[in-house]
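The next block holds one structure in the form of structure tokens; read it before the comments.
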Amino acid sequence: MGLKKTISIVVPAYNEAGNIVLLFQKICRVFEGLPQYNFEVIYVNDGSNDSTCTVLHKLASSYKNIKFIDFSKNFGHQMAVKAGIDHAFGDAVISIDGDLQHPPELIKVLIEEWEKGYDVVYTLRTYCSEEPATKRWTSKLYYKVLKVVADVEIEEGSADFRLIDKKVADIFRKIEDTDPFLRGLIKWMGFSRKAIRYQADQRFSGSSTYNFKKMMQLAVSGITSFSTKPLHIAVYLGFFFAMASILYIPYVIWAFVSGTEISGWASLIMTVVFFGGLHLVILGVLGIYIGKIFKQTKHRPNYIIKEKNF
Ligand code: UDP
Ligand code: MG
């Protein structure tokens, strides 16, 4: 009998104490049906302030295929997944959320598609009806905006639940990006890809830690990590309004000649306010990109590990 292939499963965990054991049990059940594979689960504790760390220590002491990485503080979901992949040396690496919203049963399907020769098997979630409508709409809107504004097209509903082949993971590990947006980055890397659709489950325990602020951060990072298109849009906008204001000159002259220029006050103020706003937007866009250059030049690591058991 040949050597068994190993599947590494990466789980980012931020305050997931109530979900860790159940997720592990579910993963074990999946692999009972896949005895031809070895598997390991790499939990990345992203600076949780509940008992996630203790639960992990306990679990790791009873099962030898549990690995954990403990961050020195909260570095965010994307960094946690990245750290997991950086430390995963299986023949395939699967990332899955720690809150059981990504059905572990799908792991079997991911592996089957991988065995057919796909290097990246990713999932697209269709929302369940209990999910708050606002979340569904914002997510829909986000992918639409991303498509128009950024150069990378990411399908609606794609999440960080995917399988990547070892060769993809090996290259991924070497890519330096201070602000990684994994969905985009892995899509950008190419390779043969296959999508799988599934229905998202409700969070099992705890609450979503993606508040509006974090979602906005992810959205902006998604756009500005992948294209300089917003800069072009800024230039077009500026050009368009400059042209429009030139067209305004004949009116100003006419108003002056006919002696009614005082009545132009309202439109004057409006233009000033409008252009003030436009300038701020454009400056903001420039600022975001400069900020990225600044971050990248500092060469800070993506995350800091306090402790790991391997
Ligand atoms: N997560 C993390 N660090 C964070 C926030 C979230 O590692 O700062 C993990 C979290 O434990 C979960 C996954 O990322 O496993 C997705 O988070 P969440 O369920 O809050 O996001 P949502 O499902 O609402 O997109
Ligand atoms: Mg979730």
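Structure values in brief
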{"quantity": "Size of charge dipole - the chain - debye, nearest 20, with Cβ of Lys, Arg +1 and Asp, Glu -1, no other charges", "calculated": "360 debye"}
{"quantity": "Sites residue 174 and residue 280, calculated FRET efficiency, Cβ-Cβ separation with R0 35 Å, nearest 0.05", "calculated": "0.35"}
{"quantity": "Mean Kyte hydropathy of -0.5 or more with a Cα span along the axis of at least 20 Å, helices from DSSP in the chain", "calculated": "133-149, 229-257, 265-298"}
{"quantity": "Mean Cβ neighbour count within 10 Å, used as a protection proxy, ranking 74-85, 113-124 highest first", "calculated": "74-85, 113-124"}
{"quantity": "Beta bridge orientation in segment 26-171: antiparallel %, DSSP, nearest 5", "calculated": "60 percent"}
{"quantity": "Gyration tensor verdict on segment 228-310 (Cα atoms; rounded if a/c is under 1.5, prolate if a/b is larger than b/c, oblate otherwise)", "calculated": "prolate"}
{"quantity": "Most positive-pole-ward Cα, 277, 288, 35, against dipole of the chain from beta carbon charges", "calculated": "35"}
{"quantity": "Dipole of the chain [Lys/Arg +1, Asp/Glu -1 at C-beta], most positive-end residue of 218, 9, 239", "calculated": "9"}
{"quantity": "Alpha carbon centroid spacing (whole Å) that separates segment 1-66 from segment 265-310", "calculated": "38 Å"}
{"quantity": "The chain: equivalent-ellipsoid semi-axes (sqrt of 5 x gyration tensor eigenvalues, Cα, Å)", "calculated": "48, 19, 19"}
{"quantity": "Relative compactness, segment 21-77, computed as alpha-carbon Rg over 2.2 N^0.38 Å", "calculated": "1.23"}
{"quantity": "Stokes-Einstein D (µm²/s) once Rh is taken as the Kirkwood radius of segment 7-154 over alpha-carbon pairs, at 37 °C in 0.692 mPa s", "calculated": "197 µm²/s"}
{"quantity": "At q = 0.18, 0.19, 0.26 Å⁻¹, base-10 log of I(q)/I(0) for segment 92-183 (Debye sum, equal scatterers on each alpha carbon)", "calculated": "-0.99, -1.07, -1.34"}
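Just so you know, all these numbers are worked out from the coordinates, no wet-lab data involved. Note that this is a predicted model, so its numbers are computed, not measured. Positions of Cβ are backbone-derived with ideal geometry, glycine not excepted, and every protein chain shown enters the neighbour counts.
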